[in-house]
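What follows is a set of notes on a single structure, which appears directly below.
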Amino acid sequence: MSSYDVIVIGSGPGGYVCAIRCAQLGLKTACVEGRETLGGTCLNIGCIPSKALLHSSHMLHEAEHNFAKMGLKGKSPSVDWKQMLAYKDDVIGQNTKGIEFLFKKNKIDWLKGWGSIPEAGKVKVGEEVHEAKHIIIASGSEPSSLPGVEIDEKVVVTSEGALSLPKIPKKMVVIGAGVIGLELGSVYARLGAEVQVIEFLDHITPGMDAEISKVFQRTLKKQGLDFTMGAAVQKVDATKTKAKVTYKLRKDDSEHVIDADVVLVATGRKPYTDGLGLDALGVKMSDRGQIEVDTQYKTNVPGILAIGDAIDGPMLAHKAEDEGMAAAEVVAGKHGHVNYGVIPGVIYTHPEVSNVGATEEQLKEAGRAYKVGKFSFMGNGRAKANFAGDGFVKILADAETDRILGAHMIGPMVGDLIHEVCVAMEFGASAQDLAMTCHAHPTYSEAVREAALACGDGAIHA
Ligand code: NAI
């Protein structure tokens, strides 16, 4: 039996970051992981592999649509799917090995196997029981399916199966127009699949600023994605090679059936806490299956903390990372803190979509007086040069104080641009503060400054 200050259960972005911070703070740390590689869903079957496929399929799109315009002539590349998957797997390998290296560097023990907590202060991995003063659960989440829809990860797949399909399907039906459905749907649309997205609501990406959501849907339609809105999927009947998807339109209750070679179920995720033994320990859970914690990530059982997708809040890798660092600081006797008002969200399609802070809808509902500054990428020289003029930046600021309350963007590299606004918001900046900051020309980030200028006396290039 070995004895630790901290054992972290799960090595996703929440868990591994937490373990590294614990070690940096001088705590003897171990991390339990049952997968063959570290990194959890995000690195192995989520964020990282999907970005590799988004990148390669975007390059194909550029070659097919924009190369000739720039004077780059010749046949556009054809898709070698096996090689594309090998490239994706190589990217995964580089990242997961990177964490293994960081664990060694920080002297963190990787306890290989699936962990459970037989009692507070003890973690069982395989046949071995280890002692820990603090246990931090970072067990993440798993896809949640629908009644009547059985996942086989071959024909009816979650994001995991969709990242390793044996071939590019001719027809893909995506259930759910959320982040996963749209990112992976656009990958396969670019690779030549006919993609039909079926969404229960009347708009895509629930919770997103409505104006951005509309423009985003229009853009995706132009790229060939087909949307059936206001439709509730009832069931999927699958054989070994095909599927039939039955859905009902909410407006008239009419039933429809469509065929697909592959069905991607992207209807959300749920906390994964199976096998940890939380019931027997009496750990308090919410009715949505999340572990309940206080503001210091402590559960009701002393010595057991939880972070990331297994607790409340947006299921985002970076939210889990921040909580991981904060929880490490808590167990080290410091003051861990996460500002939940400034957590960016990014959708890595082309164009990208990003947001931070309040939406216009939320401000209206709160009865808050606000002003809007907008700037289109059509007025941005760099974007025009790169065929990336679609989209805009929108900044919301308090009508009286000019303090930035939120930002919503669709356009080139906005997943990176959003952080300028995040930093500004962390410092309590006004739109004028951003507007008065010199921005290099020509960069995409000038669009952020112009939107900030539009909150005041006006954008220059509009
Ligand atoms: P989601 O919650 O974003 O979207 C699910 C969609 O499915 C919703 O629009 C919902 O209305 C729809 N839906 C539910 N039941 C339906 C039915 N019976 N018929 C038709 N439509 C139905 O979930 P998603 O995309 O699966 O993502 C899961 C989690 O993973 C999210 O929390 C997301 O934030 C996170 N994630 C984040 C990424 C990023 O930040 N880039 C990438 C991938 C995942």
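The values are calculated or read from the model by the stated rules, or taken from the named source; none is laboratory data. Here the structure is a predicted model, which means the values were calculated and not measured. A quick note on method: Cβ atoms are made from the backbone with ideal geometry, for glycine too, and the neighbour counts reach across all protein chains shown. Quick note on the areas: whole protein, heavy atoms, side chains included, nothing else; ligands and nucleic acids left out. Shrake-Rupley method; radii C 1.70, N 1.55, O 1.52, S 1.80 Å.
May I ask you to say which residue of Gly224, Gly207 is under 20 Å from Glu183 (Cα atoms) and either among the acidic types (Asp, Glu) or within 15 Å of the ligand (Cβ to nearest atom) (or both)? So that I can check it myself, show each step before the final result.
Details: Gly224 fails: either among the acidic types (Asp, Glu) or within 15 Å of the ligand (Cβ to nearest atom) (or both).
Gly207 is the lone residue from the list that is under 20 Å from Glu183 (Cα atoms) and either among the acidic types (Asp, Glu) or within 15 Å of the ligand (Cβ to nearest atom) (or both).
Need at least 1 residues that are within 19 Å of Gly115 (Cα to Cα) per element, so show me which strands (runs of 3 or more DSSP E) inside the stretch 235-334 make the cut, counting only ones lying wholly within it.
Strands (runs of 3 or more DSSP E) meeting the threshold: 269-271, 304-306.
Given the options Ser50, Ser3, Ser11, Ser56, name the one that is over 26 Å from Val179 (Cβ atoms) and either open to solvent by 40 Å² or more (accessible area, probe 1.4 Å) or touching a helix residue (DSSP H, G or I) at 6+ places or on another chain (Cβ under 7 Å) (or both). Explain how you work it out, then say what you get.
On the way: Ser50 fails: over 26 Å from Val179 (Cβ atoms); Ser11 fails: over 26 Å from Val179 (Cβ atoms); Ser56 fails: over 26 Å from Val179 (Cβ atoms).
Just a single option satisfies the conditions, and that option is Ser3.
How about the stretch 140-179: which of its residues are open to solvent by 50 Å² or more (accessible area, probe 1.4 Å), of a type in the set (Lys, Arg) and either free of Cβ contacts under 8 Å to residues at least 24 places away in the same chain or not in a loop (DSSP other than H, G, I, E, B) (or both)?
Result: no residue meets the conditions.
Show me the strands (runs of 3 or more DSSP E) found entirely inside the stretch 355-462 where at least 2 residues are open to solvent by 50 Å² or more (accessible area, probe 1.4 Å), touching a residue at least 24 places away in the same chain (Cβ under 8 Å) and not assigned by TED's automatic domain parsing to the domain that holds Pro206.
Details: elements: 370-376, 392-398, 404-411.
Correct list: 370-376.
Hey, Gly185 hits all of (1) surrounded by fewer than 24 Cβ atoms within 10 Å (Cβ to Cβ); (2) closer than 19 Å to Ala231 by Cα but one; which does it fall short on?
In the conditions (1) surrounded by fewer than 24 Cβ atoms within 10 Å (Cβ to Cβ); (2) closer than 19 Å to Ala231 by Cα, Gly185 misses (1) alone.
Just checking, does the stretch 89-106 include any residue being over 24 Å from Val346 (Cα atoms), touching a Pro at 6+ places or on another chain (Cβ under 9 Å), touching a residue at least 12 places away in the same chain (Cβ under 8 Å) and surrounded by fewer than 17 Cβ atoms within 10 Å (Cβ to Cβ)?
Looking for residues that are over 24 Å from Val346 (Cα atoms), touching a Pro at 6+ places or on another chain (Cβ under 9 Å), touching a residue at least 12 places away in the same chain (Cβ under 8 Å) and surrounded by fewer than 17 Cβ atoms within 10 Å (Cβ to Cβ), one finds none in the stretch 89-106, hence no.
Looking at (1) closer than 19 Å to Gly12 by Cα; (2) more than 16 Å from the ligand (Cβ to nearest atom); (3) open to solvent by 60 Å² or more (accessible area, probe 1.4 Å), can you tell me which one Ala326 breaks?
The number of the failed condition is (3).
Checking the condition outside the structural domain of Thr349 (by TED's automatic domain parsing) and more than 9 Å from the ligand (Cβ to nearest atom), which residue from Val195, Val179 passes? Give the derivation first.
Working: Val179 fails: more than 9 Å from the ligand (Cβ to nearest atom).
Result of the check over Val195, Val179: Val195.
Looking at the stretch 227-242, which of its residues are away from the ligand (no atom under 14 Å from the Cβ) and closer than 16 Å to Pro147 by Cβ? Break it down into steps so the answer makes sense when it comes.
Of the residues in the stretch 227-242, the ones away from the ligand (no atom under 14 Å from the Cβ) are 237-242.
Passing the criteria: Asp237, Ala238.
So Thr37 fits all but one of (1) open to solvent by less than 30 Å² (accessible area, probe 1.4 Å); (2) more than 19 Å from the chain's Cα centre (by Cα); (3) β-branched (Val, Ile, Thr); what number is the exception?
That leaves (1) as the condition not met.
Restricting to the stretch 198-219, name every residue that is in contact (Cβ under 8 Å) with a residue 12 or more places away in the chain, part of a helix (DSSP H, G or I) and under 25 Å from Leu146 (Cα atoms).
Within the stretch 198-219, the subset in contact (Cβ under 8 Å) with a residue 12 or more places away in the chain is 198-212, 215-217, 219.
Next, only the ones that are part of a helix (DSSP H, G or I) stay: 210-212, 215-217, 219.
Result: Gln217, single match.
Please go through (1) in contact with a His (Cβ under 9 Å, 6 or more places away or on another chain); (2) open to solvent by less than 70 Å² (accessible area, probe 1.4 Å); (3) within 29 Å of Ser11 (Cβ to Cβ); (4) of a type outside the set (Ser, Thr, Tyr) for Val125 and return the number of the only condition it doesn't satisfy.
All conditions pass for Val125, except number (1).
Do we find that Val245 is over 30 Å from Met59 (Cα atoms), modelled with pLDDT of 95 or more, within 9 Å of the ligand (Cβ to nearest atom) and open to solvent by less than 50 Å² (accessible area, probe 1.4 Å) in this structure?
Spelling it out, it is not the case that Val245 is over 30 Å from Met59 (Cα atoms), modelled with pLDDT of 95 or more, within 9 Å of the ligand (Cβ to nearest atom) and open to solvent by less than 50 Å² (accessible area, probe 1.4 Å).
State whether one or more residues within the stretch 269-283 are within 26 Å of the chain's Cα centre (by Cα), farther than 22 Å from Pro302 by Cβ and open to solvent by less than 30 Å² (accessible area, probe 1.4 Å).
No - not one qualifying residue is present in the stretch 269-283.
Sort out which residues of the stretch 335-349 are more than 15 Å from the chain's Cα centre (by Cα) and outside any helix (DSSP H, G or I), and write them in order of number.
His335, Gly336, His337, Val338, Asn339
List the number of the failed condition for Met315; all other conditions in (1) open to solvent by 50 Å² or more (accessible area, probe 1.4 Å); (2) in the same structural domain as Phe227 (by TED's automatic domain parsing) hold.
Condition (2) is where Met315 drops out.
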